[in-house]
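The values are calculated or read from the model by the stated rules, or taken from the named source; none is laboratory data. These figures come from a predicted structure and were not determined experimentally. Cβ coordinates were reconstructed from backbone atoms using ideal geometry, including for glycine residues, and neighbour counts include every protein chain displayed.
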Amino acid sequence: MKQKVISVVGPTAVGKSKLGVELAKQFGGEIINGDSMQIYQEFDIGTAKVSKEEQDGIIHHLLDFKSPQEGYSAAEFQTDVSREITFVSKNNKLPIIVGGTGFYIHAALYGFNFSEAKRDERYVNEMLKSIDEIGVEPYFERLKKIDPVQANKMDPQNIRRVIRALEVYDTTGKTMSDYQQEQIAEAPYNSFIIGLDMDRELLYERINSRVDEMLEAGLEQEVKHLYYVYGEDIQAMQGIGYKEFIPYLKGENSLEEVAASIKQNTRRFAKRQLTYYRNKLPHVNWYTVHPSTYEESFTTIFQDVAGFLQTGKE
């Protein structure tokens, strides 16, 4: 019998963390973080990291466990999630993966066969130095020729991802798309994937309001601290809510422009998240929610999860 796992996905600001906690309380579960930014210590406000109060006594795994200087990948996440699922289930608790990083969730639940190419810090450092001198554009153009499928899925300004895709090819002679096409067919878990969606205009309003709340909560001060302590080249600083501050800290734009950029990039990210879930992630059970009727929607979800746990069918 495969281990049963619940996963909650959906665009940013839709209410995944809230649902995850309620599911854990309802079904005796523990939460495994599935957000690629919330793994980092000190990156709190800009990642909308679930607070102790919001955790409401529910144990959360893979949260706040990486130093800001460390890199992290979907392959590492796959390994870490496998370990945590085993640990949680051995304690007779239900593993509930909650997060918005679609590729990470996909990799964890469907046993991706990742490139065995190890990270080469010398290669990365040389690339970073070169990009600092001539920009990332020539390297992104090279990636588009080598692996147009992977390039099309990337933000050209996500320097670390561009470097990693080139590093895999230069090290192994195979593209990341090649590796992704070699995935094993059988999923290692019996998973029930909950997809939360929301009226687009309402979701965008929530995103804009959340950014305003982050700024009021001290996001500028958080980013300044991280920037001056760790610099702009660490992987975590490439996340939305952080990278937009770099021109501001260099005196190149205003705080108002930073806020507008974060809002725009977050809205675009939410759209990309939904596109990935709908086009790439199999077997998602979709639920349209509204903040005023969360409890009603959650009741329906609880009923479906209970049925899944009783029958074990996807």
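Table: residues versus (1) hydroxyl-bearing (Ser, Thr, Tyr); (2) in the same structural domain as Val14 (by TED's automatic domain parsing); (3) closer than 25 Å to Lys52 by Cα.
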position	(1), (2), (3)
Ile85	no, yes, yes
Lys90	no, yes, yes
Pro95	no, yes, yes
Val98	no, yes, yes
Tyr104	yes, yes, yes
Glu137	no, no, no
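Ile240 - would you say it is assigned by TED's automatic domain parsing to the domain that holds Leu109, outside any helix (DSSP H, G or I) and not small (Gly, Ala, Ser)?
Working: assigned by TED's automatic domain parsing to the domain that holds Leu109: yes; outside any helix (DSSP H, G or I): yes; not small (Gly, Ala, Ser): yes.
When the stated conditions are applied, Ile240 passes them.
Among the residues of segment 281-314, write down those that are in a helix (DSSP H, G or I) and of a type in the set (S, T, N, Q). Quick ask: steps written out before the conclusion?
We begin by selecting, within segment 281-314, every residue in a helix (DSSP H, G or I); these are 291-311.
Result: Ser292, Thr293, Ser297, Thr299, Thr300, Gln303, Gln310, Thr311.
Can you pull out every residue in segment 60-95 that is over 15 Å from the mean Cα position of the chain (by Cα) and either assigned to a strand (DSSP E or B) or crowded, with 18+ Cβ neighbours inside 10 Å (or both)?
His60, Glu84, Ile85, Val88, Leu94, Pro95, listed by residue number.
Can you find, within segment 227-237, the residue that is nearest to Thr12 (Cα to Cα) among those that are of a type outside the set (Phe, Trp, Tyr) and in contact with a helix residue (DSSP H, G or I) (Cβ under 6 Å, 6 or more places away or on another chain)?
Our first condition is that a residue be of a type outside the set (Phe, Trp, Tyr); within segment 227-237, this holds for 229, 231-237.
Pick out the ones that are also in contact with a helix residue (DSSP H, G or I) (Cβ under 6 Å, 6 or more places away or on another chain) and you get 232-233, 235.
Numbers: Glu232: 24, Asp233: 24, Gln235: 20 Å.
So the residue we want is Gln235.
If you take the residues in segment 248-261 that are over 24 Å from the mean Cα position of the chain (by Cα) and in a helix (DSSP H, G or I), which one is farthest from Val211 (Cα to Cα)?
My answer is Leu249.
Scan segment 82-104 for residues that are more than 19 Å from Ala236 (Cβ to Cβ), in contact (Cβ under 8 Å) with a residue 40 or more places away in the chain and of a type in the set (A, V, I, L, M, F, W, C) and jot them down.
Ile85, Val88, Leu94, Ile96, Ile97, Val98
From the list Ile184, Ile207, which one is over 30 Å from Met127 (Cβ atoms), among the β-branched types (Val, Ile, Thr) and at pLDDT below 90? Write out each step before concluding.
On the way: Ile207 fails: at pLDDT below 90.
Exactly one of Ile184, Ile207 is over 30 Å from Met127 (Cβ atoms), among the β-branched types (Val, Ile, Thr) and at pLDDT below 90, namely Ile184.
Among the residues that make up segment 277-285, is at least one of them buried (at least 18 other Cβ atoms within 10 Å of the Cβ), under 22 Å from Lys49 (Cβ atoms) and either modelled with pLDDT under 95 or aromatic (Phe, Trp, Tyr) (or both)?
Yes, some residue in segment 277-285 is buried (at least 18 other Cβ atoms within 10 Å of the Cβ), under 22 Å from Lys49 (Cβ atoms) and either modelled with pLDDT under 95 or aromatic (Phe, Trp, Tyr) (or both).
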